[in-house]
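Here is the structure we will look at.
The values are calculated or read from the model by the stated rules, or taken from the named source; none is laboratory data. Just so we're clear, the structure is a prediction, and the values are computed from it rather than from any experiment. Here the Cβ positions follow ideal geometry from the backbone for every residue, glycine too, while neighbour counts run over all protein chains shown.
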Amino acid sequence: MRILVVEDEPDMARLIAARLAAAGMLCDTVRSCAEAEAAMAVAPFALALVDRRLPDGDGAGLVRRLRHARPGLPVILVTALDAVAHRVQGLDAGADDYLTKPCAGDELLARIRAALRRAGGEAVPPITCGRLCFEPEHRCVSVGGASVHLRRRELAVLEALMLRAGRVVPRERLVDVAFGLDEDVSPATVESHISRLRRRLADLDAAVCIHPVRGVGYVLTAE
């Protein structure tokens, strides 16, 4: 899952990014409205976290433009402006939620999950393949009922494969969900991460296989 964070305070941006990374989410951080719109044009973000006070404009105006460009995109304003009038302005601009800084990490993650649920409609039930189970709502992985911890990129790749189990996932999609905007990603890099994930799933006796489809991508199947 890829999140866009629009925050011009470096310390706050690092704190939010660390919280999201600890939850297995890929985070791209930008500092202005212009950078946010440029990033949105090239990457498939699942949600945006937007500050109100940005160097080149009000985050509420950015929310309106993001809503126009991506009508279904969940947007949460995360800002120090906590007056009722500020919250009303932000929500009327199209934000799905409004969270004041500083905010607890657990609450931020809960608000993200809630916004994604509302955007996606009904909660997606757990997906199973072999002995492997993935719960999309909480992004939890288990094998034979035992919880499994995966690194952020492993989790992002596995999520993309599980959501399309039995169908080919293009390599470009795996790059989109697992790597940041500033990273130089080659086919060898993707294969390296796939190989590590294969070994991990084999060690866990997950009873699944990740097959390459030459020139296209990868597919996850039960053994």
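Of note:
- If you go through the stretch 54-79 and keep only what is closer than 15 Å to Glu37 by Cβ, in contact with a Cys (Cβ under 8 Å, 6 or more places away or on another chain) and crowded, with 20+ Cβ neighbours inside 10 Å, you end up with Leu54, Gly59, Leu62.
- Any chance Val75 is β-branched (Val, Ile, Thr) and either in the same structural domain as Ala207 (by TED's automatic domain parsing) or touching a residue at least 12 places away in the same chain (Cβ under 8 Å) (or both): yes
- Test: Gly166 is at pLDDT 85 or above, assigned to a loop (DSSP other than H, G, I, E, B) and either surrounded by 19 or more Cβ atoms within 10 Å (Cβ to Cβ) or not hydrophobic (A, V, I, L, M, F, W, C) (or both): yes
- Residues in the stretch 118-152 that are at positive phi and either modelled with pLDDT of 90 or more or among the small types (Gly, Ala, Ser) (or both): Gly121, Gly130, Gly144, Gly145.
- Condition check for Leu181 on (1) in a helix (DSSP H, G or I); (2) surrounded by fewer than 18 Cβ atoms within 10 Å (Cβ to Cβ): one failure, at (1).
- Scanning the stretch 17-47 for residues that are modelled with pLDDT of 90 or more, of a type in the set (Val, Ile, Thr) and not in a strand (DSSP E or B) returns no hits.
- Residue in the stretch 198-221 that is closer than 23 Å to Ala17 by Cα, touching a residue at least 40 places away in the same chain (Cβ under 8 Å) and surrounded by 15 or more Cβ atoms within 10 Å (Cβ to Cβ) present: no
- Going through (1) surrounded by 17 or more Cβ atoms within 10 Å (Cβ to Cβ); (2) in a loop (DSSP other than H, G, I, E, B); (3) without any contact (Cβ under 8 Å) to a residue 40 or more places away in the chain one by one, Asp82 falls short only on (1).
- Residue match in the stretch 118-126 (condition: surrounded by fewer than 19 Cβ atoms within 10 Å (Cβ to Cβ), over 27 Å from Ala22 (Cα atoms) and in contact with a helix residue (DSSP H, G or I) (Cβ under 9 Å, 6 or more places away or on another chain)): no
- Residue within the stretch 139-150 that is within 29 Å of Ala38 (Cα to Cα) and outside any helix (DSSP H, G or I) present: yes
- A search for C-beta distances below 7 Å between a residue of the stretch 94-109 that is under 22 Å from His68 (Cα atoms) and acidic (Asp, Glu) and any residue that is outside any helix (DSSP H, G or I) and modelled with pLDDT of 90 or more, counting only pairs 6+ apart in sequence or on different chains, returns Asp96/Pro74; Asp96/Val75; Asp96/Ile76; Asp97/Ile76.
- Flag for Leu155 being surrounded by 14 or more Cβ atoms within 10 Å (Cβ to Cβ), aliphatic (A, V, I, L, M) and modelled with pLDDT of 85 or more: yes
- Of the residues screened, Arg2 is not one that is in contact (Cβ under 8 Å) with a residue 24 or more places away in the chain and surrounded by fewer than 18 Cβ atoms within 10 Å (Cβ to Cβ).
- Condition check for Glu159: within 28 Å of Val75 (Cβ to Cβ) and not in a helix (DSSP H, G or I): no
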